[in-house]
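Asks: Sharing a structure below in structure tokens format, with a few things to ask.
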Amino acid sequence: MRKDHNDVIKKIDLVALKIYNDLEKTEIPCIQLPIRSKSNIEFNEKFNVWKYGKNMIQRSAKSLDGAYMLLRTMYMIDFIKEMIKIKKSSTLREMYYISEGWDYAKFHSQNESNSLAEDLEVITSCMREDFKLRPEEDGARVIGNITIEELTRNNNKKKIHCQDDVGDSGYSIPYNVEPEKLSFKSADVDFIIAIETGGMFDRLVENRFDSSYRALLVHLKGQPARSTRRFIKRLSGEKNIPVLVFTDCDPWSYRIFASVAYGAIKTAHISEYLATPSSQYLGVTPSDIENYNLPTDKLTREDIKSLKSELTDPRFQDSFWKNEIKLQLKLGKKSEQQALAKYGLDYVTDTYLPEKLTEMGMVKK
Amino acid sequence: MEKVTAHDLAKKQKEISVAEFFERNKHILGFGNQTRALVTSVKEGVDNGLDACEEVNILPEIYVEIKNNEDGESKLIIEDNGPGIVKRQIKHIFGRLLYGSRFHSVRQSRGQQGIGISAVVLYGQLTTGKHAKVISKIQEDRPATIMELAIDTNKNRAEVINQDIIHWDKPSGTRIEVSIIADYKRGKRFVYEYLQSTSIVNPHAQITFKESDGTEHIFERTSEMLPRKSVEIKPHPYGVELGTLIKIAKQTKSRKLSAFLKNEFTSMGDRTANAVCEKAQLEKYLNPKEMTREQFLSLHKAFKKVKIMAPPTDCLSPIGETLIKRSLKYETKEISPEFIITASRPPSAYTGNPFQVEVGLVYGGNLPMDANVRIIRFANRVPLLYQQGGCVITSAISSIDWRRYGLDQKSGKGMPSGPAIFLIHVSSTLIPFTSESKEAIADIPEIENEIKLALRICARKVQHHIHKKVKREKIKEKFELIKKILPEIANKSSKMLNKPLPSLDAVITKIMDVVWIEDFIEYEKISKKVIEEPVQMTLLDNKSKQHDDGTITKSKIKVINYKRSSQKFNLYVIIPEDAIVGTVKPKPTNINKNFIKWNLDSIPSSEKVDINFELAGLEEGDFDENDIYVEDINPSYVIGADKWEGE
């Protein structure tokens, strides 16, 4: 997060100035931003992540929708400047409700306002924390042998050991995980396992997998929040710990992996802050369905469409993903992490994970 | 037992002829029940009156009165201002069945559609035992003849019960009074509907209907122009029946077969006549009076095998789009429809009979949204009130998918529903009715096809109309919003930056980025004053004198260029064929009977051009919407006009 708010103000004022200058030159006001879709993400060699490419779209007052967007942008900029001035922050949802009073600039859904906040990040290369906007999503949970120091609201620095100082639900990741708020004091683990579902996270906790295998368990809660991804990225980078992603075996879960490893399409402008390029996919893979003879469900029409879309997604172009996705399309089946319970509650910790970890070279036989 | 001879039988046959013929056939003659008997009686009288007036170029004034007695007897009075009937003919026309001047003639007339007024007289006599009363006056300075008639059903001859001379105020005309048994209570609604419909397709007629309780309905005349007189033509070989062929041959003055063919039929020249003779393997010098039945049969067959030119079509008398529109407008005043659209097809022919289709469509206003559309069918200007389901008009309408044109229709077939009235008029020298009751037109492919084509033209116009309206409203809405949103954007940004408010007009123009065309129409009444000397061009100069007084339709079109560059294009406005073009500003490049064309030289950005033109020869409301087209400009830039697709 930028500490210098004057810099942020300068940057968003530039957006307002562009619009003003257009009007003064009797040009139709417009702003340009990268197209935020699968078709416009490129691999960034420098950061090893996927970022937006060079294809731009124009938001222009030429269309009525464009004119509305520009007006909303003006209101949002004004609102951000006001918050910076009075040293407050608001959640994205609060901003959505505040827009009720913005007359023509009012948003019709929170998706609209969230997406405009992201646009503004993209245009100004600031982060939404700079804009004093925060998500209302609560952070994910963490259990494992690491010690975190967090700056609390009372301005006290508090050390938390993520096994001894927390209950079975673990340490909760705050929305701000930047160094001025949170730092890693010590970490004595061999790898991080990022887990999609709460059920599996709890199974591993109950079976004390964090202790027996020197693992840091992170619950992703589905598509992980920015702070969870940032947390994993910082920890992995600063303490040099490998990251393994453990999800269901379906196209949506692969996207969870992609957002952890390569960066999500929606946040590709800040992929270098959020993505951990060295992350590896642990499972469940379509091959696991065959190898472990797992209980399955049939792929739905949406699943198939989504898998096919992933075949053309630039992030899934390596041979591992191509083979696995093609295999899954051939099988016509999908499976869940918890399907491993077919062989008993301890099967995942006693058999599946040790086998997979050995295969990946994370533990020695 | 007495021996009965053929002669006795013949006598008996004759005795029962007329009355029995009527009794046996009354359902197909339109007297099947007491409601229909009332409508048919009115129809026969009114049709006769209209035909008589038109025959001698008099604008018809028809008076219909029904006096209802409690005992189910109604006295029917029908009066016209026609030429009257000479005394010796009165008894034949009113007292003999199947007697008439036009029974065998090939021309468009109403009369071929009924059995005739004498059937009404007979019906009255059979049901009430009362005599009919006829008054007729043929010359202004002479008295009228009054005659009381009965029909001798044995002889099919009129019996004059009483005859006198009386004074009658009318310059000329005919009046008939007949008492009939009829269901007045139920029938009067149909009589009203019939007269209203008749008035729509006969805008030159004034029709008054007086109900039994004294209520008077006047269906006003909306056109002072008599319809073009239909011309009698000779039969076309394709349409003639064998019996008629033999009959014509018996009466011909021609002594050779080839001459007979050329003289008695239409579309027959030397070459065709010879070709027919050859196909029939008949000597062309044969005397037609001496031909055998077999020879006629092969001649008749040969007609179908030879390609013969279509019959002439100028014998038809269509109503015309302007008059249809005017009548519909007048009759649907209370509905205040959104628009009225008309279309007409050029004449065509089926088996040697010329015919022509015209349609009108009334849309919107107070018409019910969820009911089936109303269909008003006409054949030779006579409304068809019954058997809608069996009529080719109905099947033509049902075969079109109306869902694209703002109407509802289950699965795109069948009777559409929605706020619309369809008017379909078929005119022909011989309307092919499905049966003798003459209420439905038979399923002739050529006719069905022409009706469909005419309806499609109408449908396209409806779509065009709706499309134009929607597009214009959409752009207008955008205009309104941009005018609110843009100043807000300017306001916010200038406030944030502490800068003065920029001016926005030029930006708004750029955002609109269209050529905007707006139009309106005014009417000006002028009286006995020659139209201002036409500055530009006038079509049909000789005609303009007829329209010295009347209404001038003034059309104003405003073209505003909201594009960022100057625009140069051609603009067309469709005008009614029967309009006379007066002053046109600026100078047009072309005027013909269908349109006026302007080459608009470079209109600079943000500038506008006014176009004005005047039309005479139309009544107020005949021309109530400019149909504007553009050429040599991308039509998507233009709001308020469509792409010119050529003439």
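The values are calculated or read from the model by the stated rules, or taken from the named source; none is laboratory data. Since we're looking at a predicted model, the values are computed, not measured. So basically every Cβ, Gly included, is an ideal-geometry build from the backbone, and we count neighbours across all protein chains shown. Accessible surface areas use protein heavy atoms only, side chains included; no ligands, DNA or RNA. Shrake-Rupley method; radii C 1.70, N 1.55, O 1.52, S 1.80 Å.
Asks: Being under 18 Å from A:Lys132 (Cβ atoms) and among the aliphatic types (A, V, I, L, M) is the filter; apply it to segment A:101-120 and report the residue that is farthest from the other protein chains (Cβ to nearest Cβ).
Replies: A:Ala117
Asks: Mind telling me which of the residues B:Ile375, B:Ile340 ends up being within 18 Å of B:Phe623 (Cβ to Cβ), without any contact (Cβ under 8 Å) to a residue 60 or more places away in the chain and either among the β-branched types (Val, Ile, Thr) or part of a loop (DSSP other than H, G, I, E, B) (or both)?
Replies: B:Ile340
Asks: Between B:Lys452, B:Lys474, B:Lys468, B:Lys525, which is within 14 Å of chain A (Cβ to nearest Cβ) and either part of a helix (DSSP H, G or I) or more than 28 Å from B:Phe569 (Cβ to Cβ) (or both)?
Replies: From the options B:Lys452, B:Lys474, B:Lys468, B:Lys525, the qualifying one is B:Lys474.
Asks: Condition first: assigned to a helix (DSSP H, G or I), within 9 Å of chain B (Cβ to nearest Cβ), surrounded by 15 or more Cβ atoms within 10 Å (Cβ to Cβ) and not small (Gly, Ala, Ser). Can you find one or more residues in segment A:50-68 that meet it?
Replies: Checking segment A:50-68: at least one residue is assigned to a helix (DSSP H, G or I), within 9 Å of chain B (Cβ to nearest Cβ), surrounded by 15 or more Cβ atoms within 10 Å (Cβ to Cβ) and not small (Gly, Ala, Ser).
Asks: Another question, if that's okay. Of the residues that sit in segment A:307-365 and are among the basic types (Lys, Arg) and in contact with a strand residue (DSSP E or B) (Cβ under 6 Å, 6 or more places away or on another chain), which one is modelled with the lowest pLDDT?
Replies: Across segment A:307-365, the extreme among qualifying residues is A:Arg315.
Asks: Please work out if B:Arg96 is in contact with a strand residue (DSSP E or B) (Cβ under 9 Å, 6 or more places away or on another chain), at pLDDT below 80 and open to solvent by 40 Å² or more (accessible area, probe 1.4 Å).
Replies: Answer is yes for this residue.
Asks: Follow-up question, since we're still on this one. Which of the residues that make up segment A:167-180 are open to solvent by 30 Å² or more (accessible area, probe 1.4 Å) and in a loop (DSSP other than H, G, I, E, B)?
Replies: Listed by number, the residues that qualify are A:Gly167, A:Asp168, A:Ser169, A:Tyr175, A:Pro179, A:Glu180.
Asks: Looking at segment B:400-418, which of its residues are open to solvent by 10 Å² or more (accessible area, probe 1.4 Å), in contact (Cβ under 8 Å) with a residue 40 or more places away in the chain and in contact with an Asp or Glu (Cβ under 8 Å, 6 or more places away or on another chain)?
Replies: Of everything in segment B:400-418, just one residue is open to solvent by 10 Å² or more (accessible area, probe 1.4 Å), in contact (Cβ under 8 Å) with a residue 40 or more places away in the chain and in contact with an Asp or Glu (Cβ under 8 Å, 6 or more places away or on another chain), namely B:Ser417.
Asks: Which residue, of A:Gly139, A:Gly170, A:Gly199, is under 21 Å from the mean Cα position of the chain (by Cα), of a type in the set (Gly, Ala, Ser) and at positive phi?
Replies: A:Gly170
Asks: How many residues does segment B:481-512 contain that are within 19 Å of B:Ile603 (Cβ to Cβ), facing another protein chain (nearest Cβ under 7 Å) and open to solvent by 30 Å² or more (accessible area, probe 1.4 Å)?
Replies: 2
Asks: Only residues that are polar (S, T, N, Q) and in contact with a Lys or Arg (Cβ under 8 Å, 6 or more places away or on another chain): list them for segment A:323-350, please.
Replies: Selection gives A:Gln328, A:Gln338, A:Thr349.
Asks: What about A:Phe79, is it open to solvent by 10 Å² or more (accessible area, probe 1.4 Å), modelled with pLDDT of 90 or more and under 28 Å from the mean Cα position of the chain (by Cα)?
Replies: Yes.
Asks: With respect to A:Glu42, is the statement that it is more than 14 Å from chain B (Cβ to nearest Cβ), open to solvent by 60 Å² or more (accessible area, probe 1.4 Å), closer than 22 Å to A:Phe131 by Cβ and not aliphatic (A, V, I, L, M) true?
Replies: Spelling it out, it is not the case that A:Glu42 is more than 14 Å from chain B (Cβ to nearest Cβ), open to solvent by 60 Å² or more (accessible area, probe 1.4 Å), closer than 22 Å to A:Phe131 by Cβ and not aliphatic (A, V, I, L, M).
Asks: Sticking with this one: Could you please tell me which pairs satisfy a Cβ distance under 9 Å, a separation of 6+ or placement on different chains, a first residue in segment A:59-88 that is more than 13 Å from A:Ile19 (Cβ to Cβ) and assigned by TED's automatic domain parsing to the domain that holds A:Asp13, and a second residue that is of a type in the set (Asp, Glu) and open to solvent by less than 50 Å² (accessible area, probe 1.4 Å)?
Replies: If the second residue must be of a type in the set (Asp, Glu) and open to solvent by less than 50 Å² (accessible area, probe 1.4 Å), the pairs left are A:Lys62/B:Asp513; A:Ile80/A:Asp130; A:Lys81/A:Asp13; A:Ile84/A:Asp130.
Asks: When you scan segment B:422-434, do you find a residue that is in contact with a Leu (Cβ under 9 Å, 6 or more places away or on another chain), in a loop (DSSP other than H, G, I, E, B) and not assigned by TED's automatic domain parsing to the domain that holds B:Gly116, even just one?
Replies: yes
Asks: It is to be established whether one or more residues within segment B:606-621 are part of a strand (DSSP E or B), in contact (Cβ under 8 Å) with a residue 60 or more places away in the chain and over 28 Å from the mean Cα position of the chain (by Cα).
Replies: Scanning segment B:606-621 turns up no residue that is part of a strand (DSSP E or B), in contact (Cβ under 8 Å) with a residue 60 or more places away in the chain and over 28 Å from the mean Cα position of the chain (by Cα).
Asks: Surrounded by fewer than 19 Cβ atoms within 10 Å (Cβ to Cβ), assigned by TED's automatic domain parsing to the domain that holds B:Lys210 and polar (S, T, N, Q) - does that describe any residue in segment B:173-184?
Replies: no
Asks: Pairs, please: C-beta under 7 Å, at least 6 apart or cross-chain, first residue more than 20 Å from A:Val189 (Cα to Cα) and in segment A:147-167, second open to solvent by 80 Å² or more (accessible area, probe 1.4 Å) and part of a loop (DSSP other than H, G, I, E, B)?
Replies: Partner pairs satisfying both residue conditions: none exist.
Asks: Within segment A:158-165, is there a residue that is hydrophobic (A, V, I, L, M, F, W, C), more than 14 Å from chain B (Cβ to nearest Cβ) and closer than 20 Å to A:Thr267 by Cβ?
Replies: There is no residue in segment A:158-165 that is hydrophobic (A, V, I, L, M, F, W, C), more than 14 Å from chain B (Cβ to nearest Cβ) and closer than 20 Å to A:Thr267 by Cβ.
Conditions (1) closer than 19 Å to A:Tyr171 by Cα; (2) touching a residue at least 24 places away in the same chain (Cβ under 8 Å); (3) of a type outside the set (Asp, Glu); (4) in contact with a Leu (Cβ under 8 Å, 6 or more places away or on another chain), marked per residue:
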residue: A:Ile232; (1), (2), (3), (4): yes, yes, yes, no
residue: A:Ile241; (1), (2), (3), (4): yes, yes, yes, yes
residue: A:Asp248; (1), (2), (3), (4): no, yes, no, no
residue: A:Pro251; (1), (2), (3), (4): no, yes, yes, yes
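Asks: Could you check, for segment B:524-536, whether at least one of its residues is modelled with pLDDT of 80 or more and under 30 Å from B:Gly550 (Cα atoms)?
Replies: For segment B:524-536, residues modelled with pLDDT of 80 or more and under 30 Å from B:Gly550 (Cα atoms): present.
Asks: Here are A:Gln328, A:Gln337: which of them is touching a Phe, Trp or Tyr at 6+ places or on another chain (Cβ under 8 Å), of a type outside the set (D, E, K, R) and either more than 21 Å from A:Gly222 (Cα to Cα) or surrounded by 19 or more Cβ atoms within 10 Å (Cβ to Cβ) (or both)?
Replies: Criteria check complete, one pass: A:Gln337.
Asks: Across segment A:82-100, which residue is nearest to the other protein chains (Cβ to nearest Cβ) among those that are open to solvent by 60 Å² or more (accessible area, probe 1.4 Å) and part of a helix (DSSP H, G or I)?
Replies: Of everything passing the filter in segment A:82-100, A:Glu82 is nearest to the other protein chains (Cβ to nearest Cβ).
Asks: Moving to a separate point now. Go through segment B:2-54 residue by residue and tally those that are modelled with pLDDT of 85 or more and over 20 Å from B:Arg186 (Cα atoms).
Replies: Total satisfying the criteria: 8.
Asks: Give the residue, chosen from B:Asp169, B:Asp164, that is free of Cβ contacts under 8 Å to residues at least 24 places away in the same chain, under 20 Å from B:Ala52 (Cβ atoms) and surrounded by fewer than 19 Cβ atoms within 10 Å (Cβ to Cβ).
Replies: B:Asp169
Asks: Does at least one position in segment A:25-36 carry a residue that is away from every other protein chain (no Cβ under 14 Å), on the phi < 0 side of the Ramachandran plot, surrounded by fewer than 16 Cβ atoms within 10 Å (Cβ to Cβ) and outside any helix (DSSP H, G or I)?
Replies: yes
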